[in-house]
Amino acid sequence: MTTDTITQASAATVEELAGRLFMEGVASFHLSTVYLGVKLGLFRAVAEQGPLTAAELATATGLDPWYVREWLQAETTAGLIVADDDELSGARFTAAPGVYETLVHETSPAYVGGLPLALGAVGGVLPNLIEAFRTGAGVPYQAYGEDAIEAQAALNRPAFTNQLVTEWLPAIPDVRARLADTAAPARVADIGCGLGWAAIELAKAFPHLRVDGYDSDEESITRARHNAADNDVDDRIGFQVVDAAAGGYGDQRYDVVFFFECLHDMAHPVDALAAARRSLAEGGTVVVMDERVAETLTPGDPTELFFATASVLWCLPQGRVDPTSEAPGTVMRPAAFEAIARRAGFAGVEVLPIDHPFWRFYRPLTG
């Protein structure tokens, strides 16, 4: 077979695909400079202290003036920074409208600063992923570094802050009522709690609750404890390093067990759900938030593409560290989740009436 017979694509089709891939490459390069701006505090300094010259921004951030000037050139070209003059050395720079909400204010509903952090984390493990493809091994979460810990929290925290208590819980009236009961305070578990932001929001909204946060990553638990103390709820939240599949909850019984966007990452999701079911108090319930993937393969959809690529680069490699892994990866379709829940001993699954573009909410049924 010659190269002439490999493809029947028209010249226009080839040109269109080449153009698309070029633009994706441009976007990837730009997101890398956004990463630098987020990590080094450049966007924050310009947004909060601007207008600033390049030299003033370098002084404000303690960075090298030459690199800062080049960064300003890139972000001005991208439209995220606005210059009042074409001459970089003398211009004064301000943040474009929307930059503060999307890249500086961590609890803004529009904050997407976690995306460049995730890109940084993935960039650091690409050699590991090449080896994993060859051997079938996993890539430990710890290998992704500090950026991964920060990215995971940054991508979810705005929703926990702005929607968990005011939108999601009201859509589950019986759970909301149980959490609000002051006469018989509920005990809550947050499995895969990460940096603890969901648990913190629950404790702030319901001061009588006792919340236990569990995660297998020690650094995340350490940071979660600091976050709870900073928000003055550490007297009502306990964070522990626990493998969800192994349980480790002792004799504690929970009225509500939450899995916020973590089950698909786990090597043994069946065991994790089974352990949660065993930990329930009488009348207790489990709520699982996971990716709102389509029920079937959906080429061309950007959200589906994000989930599918995240599975390759992030979720599945982390879930395959255990040689006996059954990790489903990011694209855990509703039928796959129901099969996992039934294997864990649940009678079925209720899809909860919470409308969100990225997440679907499930309640495994105990009977």
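The values are calculated or read from the model by the stated rules, or taken from the named source; none is laboratory data. Small disclaimer: the values here were computed from a predicted structure and weren't measured. A quick note on method: Cβ atoms are made from the backbone with ideal geometry, for glycine too, and the neighbour counts reach across all protein chains shown.
Observations
- Each residue in the stretch 133-158 was checked for being assigned to a helix (DSSP H, G or I), over 10 Å from the mean Cα position of the chain (by Cα) and crowded, with 20+ Cβ neighbours inside 10 Å, and 4 of them qualify.
- Qualifying residue in the stretch 289-299 (condition: crowded, with 22+ Cβ neighbours inside 10 Å, acidic (Asp, Glu), within 25 Å of Pro158 (Cα to Cα) and modelled with pLDDT of 95 or more): yes
- Scanning the stretch 203-212 for residues that are free of Cβ contacts under 8 Å to residues at least 40 places away in the same chain and part of a helix (DSSP H, G or I) yields Ala203, Lys204.
- All positions within the stretch 165-198 that are aliphatic (A, V, I, L, M) and touching a residue at least 40 places away in the same chain (Cβ under 8 Å): Val165, Ala171, Ile172, Val175, Leu179, Ala186, Val188, Ala189, Ile191, Leu195, Ala198
- When Ala272, Ala276, Ala327 are checked against the criterion of being in a loop (DSSP other than H, G, I, E, B) and surrounded by 21 or more Cβ atoms within 10 Å (Cβ to Cβ), a single residue qualifies: Ala327.
- Test for Ala228: is it touching an Asp or Glu at 6+ places or on another chain (Cβ under 6 Å), assigned to a strand (DSSP E or B) and assigned by TED's automatic domain parsing to the domain that holds Leu352: no
- From the list Pro109, Pro65, Pro97, the one residue that fits, being under 30 Å from the mean Cα position of the chain (by Cα) and free of Cβ contacts under 8 Å to residues at least 12 places away in the same chain, is Pro97.
- Listed conditions (1) acidic (Asp, Glu); (2) closer than 14 Å to Glu291 by Cβ; (3) part of a loop (DSSP other than H, G, I, E, B) are all met by Glu304, apart from (3).
- All positions within the stretch 12-62 that are at positive phi and surrounded by fewer than 14 Cβ atoms within 10 Å (Cβ to Cβ): Gly62
- Within the stretch 77-103, the set of residues being under 16 Å from Leu31 (Cβ atoms) and of a type in the set (Val, Ile, Thr) comprises Thr77, Ile81, Val99, Thr102.
- Scan of the stretch 60-118 for residues that are in a loop (DSSP other than H, G, I, E, B), modelled with pLDDT of 95 or more and in contact with a helix residue (DSSP H, G or I) (Cβ under 7 Å, 6 or more places away or on another chain), ordered by number: Asp64, Leu80, Val104, Glu106, Thr107, Ser108, Pro109, Ala110, Tyr111, Val112, Gly113
- Checking Asp235, Asp265 one by one, the residue that is without any contact (Cβ under 8 Å) to a residue 12 or more places away in the chain and either under 24 Å from Ile172 (Cβ atoms) or in the same structural domain as Ala347 (by TED's automatic domain parsing) (or both) is Asp235 and no other.
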